[in-house]
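Report on the structure given below.
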C-alpha cells in the first residue's frame with residue numbers, strides 16, 4: 001500500500017503539470033500522512049539534509065567548467081582537432097561529431113552543455129555538406145548523451161551521493177561503456193549514410209593536423225589531470241571538479257584569451273541557474289529518500305521481484321525495461337533521486353555489483369534524454385538548431401537503438417564494466 005501511495009501521488013502530481021521538485025515534496029507529504037508521520041519540522045529537516053552533502057559540491061563546479069569550456073574556446077578547438085584528423089573520410093562530419101563528443105565528455109560531464117556546443121558548431125556544417133538535417137540532429141543528440149558516461153559525470157555524482165556509493169569508482173566504470181556508445185553510433189552513422197553520396201572534404205596536411213593538436217593540447221590536458229588525479233588519489237571527485245573549473249578558467253582567460261572578464265558574470269550566472277535546478281531537486285528528494293527507508297520500500301520491492309532474484313541477468317533486464325519506460329517521461333536527475341534508493345538494495349540482495357548497476361542505470365537514464373516526448377537533449381538540438389522536435393526525434397531513432405544495443409550488451413557481459421574497474425582499483 002505504501003508503494004501505491006507514494007507512486008500514485010507522485011504520478012498524479014506530474015500528470016497535472018506540477019514541477020518534479022514540488023511533486024516529490026507533495027509525494028513525500030502524502031506518504032508522511034499515510035504513515036502518521038506528518039510533521040513540518042521533519043519535512044524541513046530532510047529538505048535541508050538532502051542538499052547538505054560535500055560530494056554534491058562537484059555539481060556546480062562541473063557545470064561551471066562546462067560553461068567556461070564553451071565560452072572560452074576549448075570546445076571549438078576540440079571540434080577543430082576532430083575535423084582535421086577524421087573529417088576527410090566518407091561521412092567524416094558525423095565521425096567528427098562523435099570524436100568531438102567523446103573528447104568534450106571528458107571535460108564537462110553535462111549532456112546539455114556538450115550538445116548545445118556541438119549543435120551550434122557542427123549542425124550547419126553537416127547540412128551545408130549535404131547530410132540530412134534530421135539525421136544529423138539525431139546523431140548530435142545521441143553523441144551528446146555520451147557526456148554523462150565518460151568521466152567526469154554529473155549524474156554519477158548524484159547517483160553516488162544518493163546511494164552512498166564511491167563516485168570515483170562510478171567515474172572509472174563509465175570509461176569503457178562511454179567508448180562503446182561512441183563506437184555504436186559510429187556504426188549506425190556508417191549504415192544510415194552509405195546512400196547519401198556526400199563528398200568528403202579534402203584531407204588536411206600533416207602540418208595542419210599538428211597545428212590543430214598543438215592548439216587543443218591545453219584542453220586535452222584537462223581530462224588527463226582529472227583521471228590521473230582520481231586514479232592515484234591526488235584528489236576526490238569533488239576536488240577534481242574544482243580543479244577542472246579553475247583549470248578551464250585559466251586556459252580560457254590566460255592561454256586562449258577568448259573569454260573576457262566582462263563575460264565572467266554571465267558564465268557564473270548560467271552555471272548557478274542550472275545548479276539551482278538540480279540542487280532543488282536533490283533537496284526535495286531528501287524527504288522521499290528518508291521516507292523510502294522508513295517505509296521499507298526496498299524490502300517490498302524485493303518481495304515483488306522475488307521470482308527474478310535467482311537470475312541476475314533477468315532481473316537486470318526487467319529493471320532496465322522499467323527505467324526505459326520511466327526515462328520517456330522523466331529527466332535523469334529525478335529518475336536517479338526517486339528510483340536509485342529503491343533499486344540499489346534490490347540488486348545488492350541479488351548479488352549484483354552496485355557500481356556496475358549504477359553504470360547501467362545512468363546509461364539508461366541518458367538514453368531517456370533523447371526519447372520523446374520529454375527528451376531534454378532533443379529540445380536542446382531543436383532549439384539551437386532551429387528544428388522541429390519531431391524532426392529531431394525522427395532522426396534520432398537509428399542511433400538511439402544502437403545505444404540500447406550497447407546497454408543490452410553490458411547487461412549480458414558485465415565484465416565489460418567490471419574488468420576495467422578492477423584494473424583501476426584492484
- Kindly check whether there is at least one residue in region 396-415 that is over 16 Å from the mean Cα position of the chain (by Cα), modelled with pLDDT under 90 and either outside any helix (DSSP H, G or I) or within 22 Å of residue 322 (Cβ to Cβ) (or both). no
Review point. Scanning for something out of contact with any strand residue (DSSP E or B) (no Cβ under 9 Å at 6 or more places or on another chain), assigned to a helix (DSSP H, G or I), in contact (Cβ under 8 Å) with a residue 24 or more places away in the chain and surrounded by fewer than 23 Cβ atoms within 10 Å (Cβ to Cβ), does region 85-92 turn up at least one residue?
Key: yes
Quick check on region 374-392. Is at least one of its residues over 18 Å from the mean Cα position of the chain (by Cα), closer than 22 Å to residue 340 by Cα and outside any helix (DSSP H, G or I)?
no
- Message: Taking the criterion of being over 28 Å from residue 364 (Cβ atoms) and surrounded by fewer than 20 Cβ atoms within 10 Å (Cβ to Cβ), would at least one residue in region 271-292 satisfy it?
- Response: yes
Counting only residues that are in contact with a helix residue (DSSP H, G or I) (Cβ under 6 Å, 6 or more places away or on another chain) and on the phi > 0 side of the Ramachandran plot, region 266-308 contains a total of 0
* Is it true that some residue in region 332-345 is part of a loop (DSSP other than H, G, I, E, B) and touching a residue at least 40 places away in the same chain (Cβ under 8 Å)? -> no
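Which one of 79, 96, 112, 127 is surrounded by 21 or more Cβ atoms within 10 Å (Cβ to Cβ), assigned to a helix (DSSP H, G or I) and either without any contact (Cβ under 8 Å) to a residue 40 or more places away in the chain or in contact with a strand residue (DSSP E or B) (Cβ under 6 Å, 6 or more places away or on another chain) (or both)?
Details: 79 fails: either without any contact (Cβ under 8 Å) to a residue 40 or more places away in the chain or in contact with a strand residue (DSSP E or B) (Cβ under 6 Å, 6 or more places away or on another chain) (or both); 112 fails: either without any contact (Cβ under 8 Å) to a residue 40 or more places away in the chain or in contact with a strand residue (DSSP E or B) (Cβ under 6 Å, 6 or more places away or on another chain) (or both); 127 fails: surrounded by 21 or more Cβ atoms within 10 Å (Cβ to Cβ).
On inspection, the qualifying residue turns out to be 96.
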Out of (1) within 24 Å of residue 140 (Cα to Cα); (2) in contact (Cβ under 8 Å) with a residue 60 or more places away in the chain; (3) surrounded by fewer than 20 Cβ atoms within 10 Å (Cβ to Cβ); (4) more than 19 Å from the chain's Cα centre (by Cα), the one residue 217 does not meet is (2)
Scanning region 32-44 for residues that are in contact (Cβ under 8 Å) with a residue 24 or more places away in the chain and under 30 Å from the mean Cα position of the chain (by Cα) gives 43
Checking 187, 212 in turn, the sole residue that is under 26 Å from the mean Cα position of the chain (by Cα), closer than 28 Å to residue 130 by Cα and not in a loop (DSSP other than H, G, I, E, B) turns out to be 187
* Return yes when residue 49 is within 20 Å of the chain's Cα centre (by Cα) and either buried (at least 17 other Cβ atoms within 10 Å of the Cβ) or in a helix (DSSP H, G or I) (or both) and no when it is not. => no
| message | Can you say whether residue 66 is surrounded by 21 or more Cβ atoms within 10 Å (Cβ to Cβ), modelled with pLDDT of 80 or more and closer than 19 Å to residue 282 by Cβ, as far as the supplied structure shows? | response | yes
Exception for residue 107 within (1) modelled with pLDDT of 80 or more; (2) crowded, with 24+ Cβ neighbours inside 10 Å falls at (1)
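The values are calculated or read from the model by the stated rules, or taken from the named source; none is laboratory data. On a predicted model such as this, the values are computed, not experimentally measured, just so you know. Note that each Cβ is placed from the backbone with ideal geometry, even for glycine, and that neighbours are counted across all protein chains shown.
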